[in-house]
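Laboratory data are not the source of any read-out in this text; all were calculated from the coordinates shown. Because the structure is a prediction, the values reported are computed rather than measured. Note that we place each Cβ from the backbone using ideal geometry, even for glycine, and neighbour counts take in every protein chain shown.
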Amino acid sequence: MEPFVLKEEQGRPALFMLEPWVSRYGGVSAGFTSRNGGVGQTPYDSLNCAFHVGDRAEDVIANRELVASRLGFTLASWTCGEQVHRADIAVIDKSLAGAGSLTRESAVQDTDGLLTNVPGVMLTSFYADCVPLFFYDPVRQVVGLAHAGWKGTVARIAAKMAERMTEVFGSRPEDIQAAIGPSIGSCCYEIDGKVMSYVHDLAKDFLGNDEYSVSDWYITKEGGKYMLNLKEMNRHIMIKAGILPTHIECTSWCTSCRNDLFFSYRKDGGTTGRMASWIGLKEG
């Protein structure tokens, strides 16, 4: 069953709720925005949530306010990093709450992963084809987000998030719930041999183990091209890090196929908005 369920209300942002978590755990909010229900104009129509794409700052702020309000958070709790396609993870305490909420410059710099145990903080990151990774430890009450393009994936940001949760908060991998959100699918994500060489390097650590089938990661095409399955790669990295397969939710949504619902860097030709992933512990 698809874990990211579209929720639409007249005059409000259309959001994909991480339904299994929202239904099972009353104290956590998690999901992914769509491209619809905001105030932005072409080519950022309409719910662009990121400053760095060239959209009007006032429209971005207005869209963030719409999303936060619908989720029961304030814009002052909206906390994000300046993503650089690496695997660095920042622990967000009360002093960092709201970083990047009103300006790009105030975001946590050089950070593709965010982690917190502070209630009321809304962790956010931004996407237009890359893979959003969600983490929740219901025992220690810790939440995390990771942004995984192909560079973050081969840098094992998913595993590094699990390791950081263990180091900082004492989480056990077997307690961690994880989810892989809407992103470009293997149906649409064509790569060349240069990128594939990094995938092959990562695959060496998974060969010879019946638990993983590296052949699920890609399809070989003619002309030195490949169709890459980033979702399955990240799922395998999570499992190898100790997260139980039964604790991993994985979407079937492809951001490129459903360009009516999602911004897609590839489908939109590079000039487009960004969706936001979010996760936060509710206060009280």
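Considering the stretch 240-278, the residues that are part of a helix (DSSP H, G or I) and in contact (Cβ under 8 Å) with a residue 24 or more places away in the chain include one that is farthest from ASN209 (Cα to Cα), namely HIS247. Looking at the stretch 58-166, the strands (runs of 3 or more DSSP E) lying wholly inside it that each contain 2 or more residues that are among the small types (Gly, Ala, Ser) and crowded, with 21+ Cβ neighbours inside 10 Å sit at 142-148. The number of residues in the stretch 119-142 that are under 23 Å from THR272 (Cβ atoms) and either of a type in the set (S, T, N, Q) or without any contact (Cβ under 8 Å) to a residue 24 or more places away in the chain (or both) comes to 2.
Conditions tested, residue by residue: (1) out of contact with any strand residue (DSSP E or B) (no Cβ under 6 Å at 6 or more places or on another chain); (2) farther than 24 Å from ARG235 by Cα.
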{"position": "TRP78", "(1), (2)": "no, yes"}
{"position": "HIS85", "(1), (2)": "yes, no"}
{"position": "ASP88", "(1), (2)": "yes, no"}
{"position": "VAL91", "(1), (2)": "no, no"}
{"position": "ARG104", "(1), (2)": "yes, yes"}
{"position": "LEU115", "(1), (2)": "no, no"}
{"position": "PRO119", "(1), (2)": "no, yes"}
{"position": "ALA128", "(1), (2)": "yes, no"}
{"position": "VAL131", "(1), (2)": "no, no"}
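Against the list (1) free of Cβ contacts under 8 Å to residues at least 24 places away in the same chain; (2) within 14 Å of the chain's Cα centre (by Cα), the condition ALA99 fails is (2). Scanning the stretch 31-57 for residues that are crowded, with 17+ Cβ neighbours inside 10 Å, of a type outside the set (Asp, Glu) and over 23 Å from CYS257 (Cβ atoms) turns up VAL39, PHE51. If the condition is being over 10 Å from GLY181 (Cα atoms) and in contact with a Leu (Cβ under 9 Å, 6 or more places away or on another chain), then the stretch 18-33 contributes GLY27, VAL28, SER29, ALA30, THR33. Among the residues of the stretch 195-224, those that are surrounded by 13 or more Cβ atoms within 10 Å (Cβ to Cβ) and without any contact (Cβ under 8 Å) to a residue 24 or more places away in the chain comprise HIS200, ALA203, VAL214, ASP216, TRP217.
Residues are listed down the side, and each one gets a yes or a no for (1) in contact with a strand residue (DSSP E or B) (Cβ under 9 Å, 6 or more places away or on another chain); (2) touching a residue at least 12 places away in the same chain (Cβ under 8 Å):
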site	(1), (2)
GLY144	yes, yes
TRP150	yes, yes
THR153	yes, yes
ARG156	no, yes
ALA159	no, yes
GLU167	no, no
ASP175	yes, yes
ALA178	yes, yes
GLY193	yes, yes
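Checking each residue in the stretch 9-56 for being under 16 Å from VAL143 (Cα atoms) and in a loop (DSSP other than H, G, I, E, B) picks out TYR25, GLY26, GLY27.
Quick one: would you say TRP253 is among the aromatic types (Phe, Trp, Tyr), closer than 20 Å to MET161 by Cβ, in contact with a strand residue (DSSP E or B) (Cβ under 8 Å, 6 or more places away or on another chain) and crowded, with 18+ Cβ neighbours inside 10 Å? No; evaluated as a whole, the condition is false for this residue.
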